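Trainee: First the structure, then my questions, so here it is.
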Amino acid sequence: MKSTTKVLLLILAIYSVALIAVELMTSQDHVRHYFTDIEGPVRFYAVNTSLSVFLLWATALLFAVCLLCVNNQDGERRLWWFFVSQVAVFAYLGLDDRFKLHESFAWRLGIGDHYVLFVVALAECFFLLALGRREVLTGRSGRLLLAAAVLFGVMIFFDAVAPHDMVLRLTLEDLAKTWANVFFFAFAWHLCCQQIERLKGLGHTHFAETPA
């Protein structure tokens, strides 16, 4: 835990120094772009994106907690790597939703932006089948995951197939995304609770140290 805290503090320090350097090398007007509040013509401007990003990063955080509950050793190595993959996937999806990464990648590649999300979905399927296996694909976790996957598919359908100006197309696409993220969060919450209960059953009083 101490080493993890030090790494996080180091990253925050580098981030802070970088932004200070940006203002020193440019101007306050320029650096304001990185600090500005999210403003728009209505009070709840971008509320759905804010909620979606929160859920995705919260999901990544829950999987990070799961990661601290297992050891990268023979008996738990596969599950440890599964949790690593989930932190990476959902941290990326949060960044993507906030900074429109897949749209940028798709523009550079000259393809539809939904194809980039489809690749992420395929990678997630691989992690679930190769690393998660029975522990996450059955029972309550499997049902939550299925609900999230169906809603994620609905979002991609509206993005890829529905006419751009169709009535309710934007609202249904984004709400499907948000509901998918709710179920992903519930999936992560369920697994996190399982890992904590497992540690309690083993008589552990603290989380496992992350590897150096």
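The values are calculated or read from the model by the stated rules, or taken from the named source; none is laboratory data. Since the model is a prediction, treat every value here as computed from it, not as a measurement. Every residue, glycine as well, gets a Cβ built from its backbone with ideal geometry; the counts of neighbours run over all protein chains shown. Each accessible area value is taken on the protein alone, full model and side chains, heavy atoms only, with ligands, DNA and RNA left out. Shrake-Rupley method; radii C 1.70, N 1.55, O 1.52, S 1.80 Å.
Trainee: Which of the helices in the chain meet the span-like rule: DSSP H, Cα axial reach of 30 Å or more, Kyte-Doolittle mean at least 0.0?
Mentor: 2-25, 47-69, 77-99, 139-160, 169-202
Trainee: On to the next question. Could you report the chain's accessible area per residue, 1.4 Å probe, as an integer in Å²?
Mentor: On the way: 13780 Å² over 212 residues.
On a per-residue basis, 65 Å².
Trainee: Only one of the listed values, (i) 45, 22, 17; (ii) 32, 19, 13; (iii) 31, 27, 15, was derived from the coordinates as semi-axes √(5λ) of the Cα gyration tensor in Å; which label is it?
Mentor: Correct label, based on the coordinates given: (iii).
Trainee: Per the Kirkwood treatment, what hydrodynamic radius in Å, one decimal, follows for the range 1-118 from the mean inverse distance over all distinct Cα pairs?
Mentor: Values: mean 1/r = 0.0576 Å⁻¹.
Result for the range 1-118, one decimal place: 17.3 Å.
Trainee: Compute the FRET efficiency between Ala18 and Tyr45 as 1/(1 + (r/R0)^6), taking r as their Cβ-Cβ distance and R0 = 22 Å, and round to the nearest 0.05.
Mentor: On the way: r = 27 Å, r/R0 = 1.24.
In this case the efficiency is close to 0.20.
Trainee: Among the lysines, which fall within straight-line cross-link reach of Lys2, defined as a Cα-Cα distance under 27 Å, with same-chain neighbours fewer than 8 residues apart omitted?
Mentor: Answer for Lys2, where 27 Å is the Cα cut-off: Lys200, listed by chain and number.
Trainee: Next question, about the same structure. Zone of Cys193 (label point 7 Å along Cα→Cβ, backbone N under 16 Å): which residues in the range 142-162?
Mentor: Only 142-145 fall inside the zone, counting backbone N under 16 Å.
Trainee: Given a 1.4 Å probe and every protein chain left where it sits, what share in percent of the accessible area of the range 74-212 is carbon and sulfur? Let's see the in-between values first.
Mentor: Numbers: 5790 of 8380 Å².
Taking all protein chains in place, the range 74-212 shows 69 percent carbon and sulfur surface.
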